[in-house]
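J.: Okay, handing you the structure first.
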Amino acid sequence: MGIETLLSQIFNGLSLSSVLLLVGLGLSITFGIMGVINFAHGEFLMVGAYVVYVLQGLFNKFYGHGAAGLSFLISLPLSFFVAALLGFLLEKVLIRFLYGRPYEGILATWGCSLILQQAARNIFGANNVDVTSPKWLAGGVEAMPGLQLPYNRLFILALTTLCVVGIYLYLYRTAQGRRMRAVMQNRDMSACLGIRTRKVDTFTFALGSGLAGIAGCAVSLLGSIGPSTGQNYIIDAFMVVVLGGTGRLAGTIAGALVMGVLNPVFELISTSSMGKVILFILVILFLQGKPQGLFSLKTRALD
Amino acid sequence: MDTKPAKSAIFRFKWFALVMLLLALAPFFLSDFRLNLFGKFLTFAIVALGIDLIWGYAGILSLGHGVYFGLGAYCMGAYLKLQAEDLPDFMSWSGLTELPRFWKPFYHAWFALPMTLLIPMLFALLVGFPTFRARIKGVYFSILTQALALIFVTLFIGQQPYTGGTNGITNLQSIFGFSLAEPATMRGLYAVTVLMLGIAYLLCHWLTHTQLGKVLVAIRDGENRLRFLGYNPALFKVLIFAISAGLAGLAGALFVPQVGIISPSMMGILPSVEMAIWVAVGGRGTLKGAVIGAVLVNAAKSYFSENFPELWLYFLGVLFISFVLLFPQGIMGFWRKGRFKWMTSILRWRETRFARSSSPNGLPRKYH
Amino acid sequence: MLKVKSRTFILSIFIIAVVVSVGSVWINAARSAEKEPIKVGILHSLSGTMSISEVAVKDGELLAIEEINARGGVLGRKIAPIIEDGASDWPTFAEKAKKLIMKDKVAVVFGCWTSASRKAVLPVFEKYDHLLFYPVQYEGLEASKNIIYTGATANQQIMPGVTWLLKNGHKKFYLLGSDYVFPRTCNLIVKAQLKAEGGTLVGEEYTPLGHTEYSTVISKIKAAKPDVVFNSLNGDSNVAFFKQLRSAGITAKDIPTMSVSIAEDEIRGIGAENMLDHLAVWNYFMNMETPENKKFVAAYKARYGKDRVTDDPIEANYFGVYLWAKAVEKAGTPDPLKVRAAVRGLKFKAPEGEVTVDPTNNHVWKIVQVGKVKPDGQFDIIWSSGKPVAPDPFPSLVSNKIVLEPGKIVDRKK
């Protein structure tokens, strides 16, 4: 194995980690903070990807084909807002009845995911749709002979970093974020202290969904955009969150890094199918020893 | 009720006897196609009983029960395949010229049939023991079982020479010398399924009415209190998980000859989640509910997808969501408590019943 | 108040769903009282992962049925399609096939895409001695008397493709496929062929269906330095693979790929710019110059929209419907047994040229062509076999069996 293979594997690992982290971040927020496991998270990601597609279609119509770069930039915040809005509605109509009932949460959000998938199929057709990558994301940096670092992967790395930093600042440096963490740590006490926990819940769910929308933008650069896009990522995202431990930003980051770096390694030494099997088995074994995941909130509670 | 056992036993089981009688009479008023379909639903009802044991009674939600169903089904499929061909067709086109050693015992019914129960149970023990000892529970356990389902699907698809890959095991000809193409065989299989469902139901009924059943409910409602009382919840959980897996395996074994195929798509995450939904729709913690839920959801699925092949997923999605919201205790819960109050309560939706500061069983929500 | 509203909202959705369903069943029942049409079954995945490909094939079938009905139907009777959703789940395919045959009593079924779904319904069709038209290229090693295979078998797609590559200087092969039966069996044939015709194998990789991360596979391909990647990936994975291949800086000039599961319809989802100059081998391409094809493409676009494209499997089932109709007229009855006998040896001028049903193995004689992707997502046809190739579902390279007649397969005599 040449040095460039090794280096490219490290880069692949980091790149995969960034994708996983971006997908897992929103899930971790909704799941970790609210105890609701959102099966429709993958479909919010799908919504984000379709936003890119629709916006590009509109831009092509009005500004010609040269505007792919601009439309992609605009679709980043737009997909956040569309997915967040959808998350907001879902929370208002459905999720808020399910707090404290995580199992029902699973089943109801699974029903949502069915509906959203079928809706995508009826609106956009069963086929995958195509999005032209912006010109400035084509090609890559030639780091050394035989090793090209694609711009789109570098872009996703940067985007993920930006999102993580943004979420960190929000959670730890703003009053709103402090309230969110307070609700996460002790809901009843926060409520006693005058925090409007329901408002925080709704907002948190919308935020997590919005992050899925951004992730949808990012994966549209790498993969397919179609009704089953969300399904391709959701289980990996679950594993990231569970491995990382819930309720901690650091946990999700660590979970994504471990999964992202190890997956290409196992894939390289075995096959793609077996690589994933090995990784999942290891994660399960690890959780036997440390059920709370890599990072977890220190707690004296038994339950 | 226990004071008058002789009378109450008859009283208690009159519904059971009536339903069994109706099921036994079904072949006389259903077409062969519908009977076959109904037989399939009844195998699903057996899975649902198993899931209800662990979820409804012990409060453990497994989202990977497709694995145990599949293991049982594959054991049966292997046996039936070897009845049809000496070397299964998928092996020869994958380049194998000889039957792998671990396939050979499945030639014999005395080995294959018990294995449809034992392999899922053993595997459940293997998974359950460390997991429950590590006190993994709640949604964490659910996600782990899901990952396990994904692992199994990937493995079974990848090992095409030994498992038949995505195709699975298909093109089965006969069972115990009876051709699977004969409607009479199908009726026989249906009768066996009804019988097995009856036995499974009685077994679960007995289990939940013994001390064990009380311990299970205690695990669901207050595991730590139980632990402080000197019980080891992990052992009970492993036991009930294995029984549940065995029921799923039994259902799988009954499924294969009736449907004529087993493939990894029956082991995956989607069917596993669906299995949990049957129980949720029927009503957790009631065995009748599990059976009713499995049959109703599948009947609805068949009905919708036959009549609206392009829209049926909407119906299914709406059905699940509305059930979770409107009948949180499932059909049985509605039947027991809510059937009179329901119409009024629908207009006066009180969220307090599920106030977010308390868990459904009235215990304080976790404090971090 | 919001609480009450949301609950009644959900309830009303539920009630509407029930009312709509009951209502339309009633309407369906009322409609069926017309003059007796011939019922045919259409069985494809309209939901789940496989709907990506199968919905378009269903559209092709419906188009053919509408065209036949417009000119008066068959034997003076209209054709009434009954559509069922296989939901990308093989046991469901078996259930729906049973339903179409036993409950609806259809005269024929057009359907399936994956080999797995075909294998799942095969016992059903054999059990009730019925008839299925299967439209997709597949790995071969099958010749049931109950199935008419209108797609290519191995020697009409994969094998000519490999031979063409070897003749054009691509000696080192990297085999990439989704992890299921078709790619694995197809690659068994390719490997046997490489050995026989003087190519070398530098790598082989299978990824799970729905796999989205191809950077490691691409690293492996780079390290193996093949002349060509022989690609039998299916579905979403193709999009991820080609997008990531291009962004890793590998173009068709560096390492060309030849795909066997990517047609015009799939390119729409991958993006032509990501697949520029890569190769595919098929029996039919949308921009073929036959008059039948021009008519077919125009009709398809007029029916389903300007931006829709036709491709090989769509075409294969489109002419499959016509083949069936022709066989019904020849037999004078829609009875599946008689139609099955009548369809053998039947010729039809399909969009891809004249096709003939081989009387010994129920497969179809088809022309083979290699195409190169153009910037508009169409193929430039760079090679053609010129005349239809005889189907050989049991190529001697990988099988010692021979078909005497449909359903009768024996060991080849030494």
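J.: How about region C:171-186: which of its residues are touching a helix residue (DSSP H, G or I) at 6+ places or on another chain (Cβ under 9 Å) and either over 15 Å from C:Ser232 (Cα atoms) or of a type outside the set (A, V, I, L, M) (or both)?
T.: Residues satisfying the conditions are C:Lys171, C:Lys172, C:Phe173, C:Tyr174, C:Gly177, C:Ser178, C:Asp179, C:Tyr180, C:Phe182, C:Arg184, C:Thr185, C:Cys186.
J.: Residues B:Leu148, B:Leu126, B:Leu155: which one is in contact (Cβ under 8 Å) with a residue 60 or more places away in the chain and either over 28 Å from B:Phe90 (Cβ atoms) or not polar (S, T, N, Q) (or both)?
T.: Just a single option satisfies the conditions, and that option is B:Leu148.
J.: Another question about this same structure. For region C:83-100, what are the residues that are out of contact with any Lys or Arg (no Cβ under 9 Å at 6 or more places or on another chain), more than 7 Å from chain B (Cβ to nearest Cβ) and either in contact (Cβ under 8 Å) with a residue 24 or more places away in the chain or of a type in the set (A, V, I, L, M, F, W, C) (or both)?
T.: C:Ser88, C:Lys96, C:Ala97
J.: Determine whether B:Ala124 is buried (at least 24 other Cβ atoms within 10 Å of the Cβ), more than 9 Å from every other protein chain (Cβ to nearest Cβ) and either touching a strand residue (DSSP E or B) at 6+ places or on another chain (Cβ under 6 Å) or of a type in the set (Gly, Ala, Ser) (or both).
T.: yes
J.: Further, regarding this structure: If we keep just the residues of region A:16-35 that are crowded, with 24+ Cβ neighbours inside 10 Å and at the interface with another protein chain (Cβ under 9 Å from one of its Cβ atoms), which is farthest from A:Ala215 (Cα to Cα)?
T.: A:Phe31
J.: Based on what the data block shows, is A:Ala84 in contact with a Lys or Arg (Cβ under 8 Å, 6 or more places away or on another chain) and hydrophobic (A, V, I, L, M, F, W, C)?
T.: Spelling it out, it is not the case that A:Ala84 is in contact with a Lys or Arg (Cβ under 8 Å, 6 or more places away or on another chain) and hydrophobic (A, V, I, L, M, F, W, C).
J.: Looking at A:Thr246, A:Thr204, A:Thr252 in this structure, which one is more than 13 Å from the chain's Cα centre (by Cα), among the hydroxyl-bearing types (Ser, Thr, Tyr) and in a helix (DSSP H, G or I)?
T.: Only one candidate qualifies: A:Thr204.
J.: Every residue in region C:194-237 that is touching a residue at least 12 places away in the same chain (Cβ under 8 Å), within 12 Å of chain A (Cβ to nearest Cβ) and of a type in the set (Gly, Ala, Ser), please.
T.: Scanning region C:194-237 gives C:Gly203, C:Gly210, C:Ser215, C:Ala224, C:Gly235, C:Ser237.
J.: crowded, with 20+ Cβ neighbours inside 10 Å, away from every other protein chain (no Cβ under 13 Å) and free of Cβ contacts under 8 Å to residues at least 40 places away in the same chain: which single residue out of B:Phe178, B:Phe106 fits that description?
T.: After ruling out the rest, the residue left standing is B:Phe106.
J.: Of the conditions (1) more than 8 Å from every other protein chain (Cβ to nearest Cβ); (2) in contact with a helix residue (DSSP H, G or I) (Cβ under 6 Å, 6 or more places away or on another chain), B:Gln160 satisfies every one except a single condition; which number is it?
T.: (1)
J.: Considering only region A:110-133, I want to know if a residue exists there that is more than 30 Å from B:Val279 (Cα to Cα), within 7 Å of another protein chain (Cβ to nearest Cβ), aliphatic (A, V, I, L, M) and assigned to a loop (DSSP other than H, G, I, E, B).
T.: Checked region A:110-133: at least one residue is more than 30 Å from B:Val279 (Cα to Cα), within 7 Å of another protein chain (Cβ to nearest Cβ), aliphatic (A, V, I, L, M) and assigned to a loop (DSSP other than H, G, I, E, B).
J.: Collect the residues in region B:286-312 that are more than 18 Å from A:Asn122 (Cα to Cα) and buried (at least 22 other Cβ atoms within 10 Å of the Cβ), keeping them in residue-number order.
T.: Listed by number, the residues that qualify are B:Thr286, B:Leu287, B:Gly289, B:Ala290, B:Val291, B:Ile292, B:Gly293, B:Ala294, B:Val297.
J.: Just to be sure before I move on: is B:Leu195 touching a residue at least 40 places away in the same chain (Cβ under 8 Å) and not small (Gly, Ala, Ser) in the structure I sent?
T.: no
J.: Given the conditions (1) facing chain B (nearest Cβ under 9 Å); (2) over 30 Å from C:Ser259 (Cβ atoms), report the number of the one that C:Val106 does not fulfil.
T.: (1)
J.: Step by step: first the residues of region C:124-138, then only those that are out of contact with any strand residue (DSSP E or B) (no Cβ under 8 Å at 6 or more places or on another chain) and surrounded by 23 or more Cβ atoms within 10 Å (Cβ to Cβ), then the one that is nearest to C:Cys186 (Cα to Cα). Which residue is that?
T.: Among those residues, the one meeting the criterion is C:Val136.
J.: Please go through (1) within 13 Å of chain A (Cβ to nearest Cβ); (2) over 20 Å from B:Val67 (Cα atoms); (3) without any contact (Cβ under 8 Å) to a residue 24 or more places away in the chain; (4) part of a helix (DSSP H, G or I) for B:Glu274 and return the number of the only condition it doesn't satisfy.
T.: (2)
J.: What are the residues in region A:142-165 that are assigned to a helix (DSSP H, G or I) and within 14 Å of chain C (Cβ to nearest Cβ), if any?
T.: A:Tyr151, A:Asn152, A:Arg153, A:Leu154, A:Phe155, A:Ile156, A:Leu157, listed by residue number.
Taken together, the values in this text are just the output of simple stated rules run on the coordinates, not laboratory data. On a predicted model such as this, the values are computed, not experimentally measured, just so you know. FYI the Cβ positions are ideal-geometry reconstructions off the backbone, even for glycines, and counts take in every protein chain you see.
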